[in-house]
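Working notes, structure below.
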Amino acid sequence: MTSIIVEACLEIIERDQSGVRASFRGPLQDAPSASSTSIANGLSQQLIHQLQIMLPNVFVSFDDLNVDLLDAAFPYVQSAAKQGLQQAIQDRGAKMLVNSCYRTIAQQMLLYNDRFNNSNPVAPPGASNHQTGLAIDIEDPRGWEPFLIRYGWNPLPGDPPHFDYQGGGDIRSQSILAFQRLWNQNNPNNKIGEDGAFGPQTEAALNQSPAHGFAKAPWDNQPRILKLNQPRMEGSDVERLQQALKKAGINVGVDGEFSPGTDKAVKEFQAKKTLTADGIVGPKTMAAMA
Ligand SMILES: [Zn+2]
């Protein structure tokens, strides 16, 4: 097991303040310095879906809990850690503001490439505790501390916003493996080793990867449930949904991002088809579109 480098989580900004996210379409290595890790949300969502396919029922979303999330805070932890989080939130009876939780290795690569602008250490991709699926950074850490400790989440000394769940396996090598598989599916003539380790070959491949995601996405074979989410869902599957809605005569923009406008369009379509108009696109709504 790789040792954990203590990062200064307070210094790691995942909020999209610059608005540069929407316009950047290049590889990770060309990302502007000090940009938010949300610049890679497209690729990050592909990595998260790939990891969910690899670890069903282990790596789960907690967006159904009473939480609010920053622009690039992907609400995923391991299932035991989610249970602890749920209990802490219920016990305190308050909404939790999450600045960062599961960080994909695409996000970590951006932070690592920018490490010389940081006065504190940044872990290389796959070595941060934010890749374990057992870490969160939150607002009001002192207020939450007694509740989190009660349910297995311990503060990390010297890193105020950060808590780690005690228990669950380490999924950091799977986080790297998810990328290696995604890369190989998209680069059959330039394959890299699928060893779950972050070596020079994997680093070079990750740096060459498109921030908005690969042409072949993991959801092509195993669809995601699409809905209005924080951070917003984006990708080829959202674009296909928007095209289908348009074809069905619903007024909607086709930009590959599941916005409030897309949510409204889905509900309109569902109502038209006498489905539950909840804005959640699962197998039933998809079937009604075919
Ligand atoms: Zn942290």
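The values are calculated or read from the model by the stated rules, or taken from the named source; none is laboratory data. Being a predicted model, the structure only gives us computed values, none of them experimental. In this analysis, Cβ positions are derived from the backbone assuming ideal geometry, glycine residues included, and neighbour counts consider all displayed protein chains. These area figures cover heavy atoms from the full protein model, side chains too; ligands, DNA and RNA do not enter into them. Shrake-Rupley method; radii C 1.70, N 1.55, O 1.52, S 1.80 Å.
Listing for the model above:
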read-out	value
Cβ pairs under 9 Å, 6+ apart, first in segment 144-168 and under 23 Å from residue 57 (Cβ atoms) and part of a loop (DSSP other than H, G, I, E, B), second among the aliphatic types (A, V, I, L, M) and open to solvent by 40 Å² or more (accessible area, probe 1.4 Å)	152/80; 167/80; 168/58; 168/80
Test set (1) open to solvent by less than 40 Å² (accessible area, probe 1.4 Å); (2) within 16 Å of residue 78 (Cβ to Cβ) - residue 124 fails condition number	(2)
Of all residues in segment 90-105 being within 16 Å of the ligand (Cβ to nearest atom) and in a loop (DSSP other than H, G, I, E, B), the one that is surrounded by the fewest Cβ atoms within 10 Å (Cβ to Cβ)	101
Residue match in segment 205-215 (condition: at pLDDT 95 or above, surrounded by 15 or more Cβ atoms within 10 Å (Cβ to Cβ), closer than 13 Å to residue 46 by Cα and within 16 Å of the ligand (Cβ to nearest atom))	no
Checking residue 112 against (1) outside any loop (DSSP other than H, G, I, E, B); (2) open to solvent by less than 20 Å² (accessible area, probe 1.4 Å), the condition it does not meet	(2)
Residues satisfying the stated conditions in segment 149-171, i.e. among the charged types (D, E, K, R) and more than 16 Å from residue 88 (Cβ to Cβ)	159, 170
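Here's the yes/no breakdown for (1) more than 20 Å from residue 82 (Cα to Cα); (2) away from the ligand (no atom under 16 Å from the Cβ); (3) surrounded by 17 or more Cβ atoms within 10 Å (Cβ to Cβ):
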{"site": "140", "(1), (2), (3)": "no, no, no"}
{"site": "150", "(1), (2), (3)": "no, yes, no"}
{"site": "154", "(1), (2), (3)": "no, no, no"}
{"site": "164", "(1), (2), (3)": "no, no, yes"}
{"site": "175", "(1), (2), (3)": "no, no, yes"}
{"site": "184", "(1), (2), (3)": "yes, yes, no"}
